[in-house]
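Student: I'd like to ask some things about the structure below.
The values are calculated or read from the model by the stated rules, or taken from the named source; none is laboratory data. It should be emphasised that the depicted structure is a prediction, and the values quoted were computed from it without experimental measurement. So basically every Cβ, Gly included, is an ideal-geometry build from the backbone, and we count neighbours across all protein chains shown. Areas reflect the complete protein model, heavy atoms only, side chains present, ligands, DNA and RNA absent. Shrake-Rupley method; radii C 1.70, N 1.55, O 1.52, S 1.80 Å.
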Amino acid sequence: MTASQTLQETLLAAIRTIPDYPKPGILFRDITTLLGDARAFRRSVDELVHPYAGSKIDKIAGIEARGFILGGAMAHQLSSGFVPIRKKGKLPYETVRVAYSLEYGLDEMEMHRDAVSPGERVILVDDLIATGGTAEGAVKLLRQMGAEIVAACFVIDLPDLGGRAKLEALGVSVNTLIAYEGD
């Protein structure tokens, strides 16, 4: 990466595309290569944090599992707490749970009952927004606990799948770094 590369060029070079995973016809956008590239990872986190620098952000809520990595780094830079949002049955304390839609059915996610207090300002983060079912479920879960969702942040947007529009229809500001059109 050279100093003159745009953010888009940096991310495109750092994200691996795996065709036909997890099923034929899917182009899987793998950010593990971005996470392994120190400069691309740092630049991604810096860009996700930038719009909120100097704002009072109480918590970063990361969606399992890549949202934990990005969210932990964001929480550190914003001096915020971190809230893991996990699949059902993975957290050891009392939880609150919400069902959400997947491409082929329903699943459930949860967080600890005491992870967010009413009125706390929260940013939701994950690696990618596609159909938006998981992120929509996380927004509903956080709001159920009284959180104010400041924004939802993602490295990658697949706009043709409608997830961003789904979150914006819920009144959530969406911040993404790169969009793959036509996926």
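Student: Just need a number here: residues in segment 92-135 that are in a loop (DSSP other than H, G, I, E, B) and under 19 Å from the mean Cα position of the chain (by Cα).
Tutor: Qualifying residue count, segment 92-135: 7.
Student: Residue 40 passes all but one of (1) in contact with a Phe, Trp or Tyr (Cβ under 9 Å, 6 or more places away or on another chain); (2) under 18 Å from residue 176 (Cβ atoms); which number fails?
Tutor: (1)
Student: Same structure again: Looking at segment 86-133, which of its residues are at pLDDT 95 or above and hydroxyl-bearing (Ser, Thr, Tyr)?
Tutor: Of everything in segment 86-133, those that are at pLDDT 95 or above and hydroxyl-bearing (Ser, Thr, Tyr) turn out to be 93, 95, 117.
Student: Of (1) open to solvent by 40 Å² or more (accessible area, probe 1.4 Å); (2) touching a strand residue (DSSP E or B) at 6+ places or on another chain (Cβ under 6 Å), residue 154 satisfies all except one. Which?
Tutor: Unmet for residue 154, out of (1) open to solvent by 40 Å² or more (accessible area, probe 1.4 Å); (2) touching a strand residue (DSSP E or B) at 6+ places or on another chain (Cβ under 6 Å): (1).
Student: Kindly establish whether residue 141 is over 19 Å from residue 70 (Cα atoms), touching a strand residue (DSSP E or B) at 6+ places or on another chain (Cβ under 7 Å) and crowded, with 24+ Cβ neighbours inside 10 Å.
Tutor: yes
Student: Related question: Could you please find all residues in segment 70-88 being without any contact (Cβ under 8 Å) to a residue 12 or more places away in the chain and either assigned to a loop (DSSP other than H, G, I, E, B) or among the aliphatic types (A, V, I, L, M) (or both)?
Tutor: Hit for segment 70-88 is 79, nothing else.
Student: Then there is this: Just the residues that are of a type in the set (Ser, Thr, Tyr) and more than 29 Å from residue 120 (Cα to Cα), please, taken from segment 13-59.
Tutor: Selection gives 17, 21, 32, 33.
Student: Here are the criteria: (1) under 16 Å from the mean Cα position of the chain (by Cα); (2) hydrophobic (A, V, I, L, M, F, W, C); (3) open to solvent by 40 Å² or more (accessible area, probe 1.4 Å). Tell me which single one residue 63 does not satisfy.
Tutor: Here residue 63 meets the rest and fails (3).
Student: Given (1) in a helix (DSSP H, G or I); (2) hydrophobic (A, V, I, L, M, F, W, C); (3) closer than 20 Å to residue 47 by Cα, where does residue 165 come up short, assuming only one miss?
Tutor: Of (1) in a helix (DSSP H, G or I); (2) hydrophobic (A, V, I, L, M, F, W, C); (3) closer than 20 Å to residue 47 by Cα, only one is false for residue 165: (3).
Student: While we're on this one: Mind telling me which of the residues 73, 99 ends up being open to solvent by 20 Å² or more (accessible area, probe 1.4 Å), farther than 30 Å from residue 13 by Cβ and among the aliphatic types (A, V, I, L, M)?
Tutor: 99
Student: Another one. Of all the residues that make up segment 157-173, how many are in contact with a Lys or Arg (Cβ under 9 Å, 6 or more places away or on another chain), open to solvent by 10 Å² or more (accessible area, probe 1.4 Å) and under 19 Å from residue 29 (Cβ atoms)?
Tutor: The total comes to 1.
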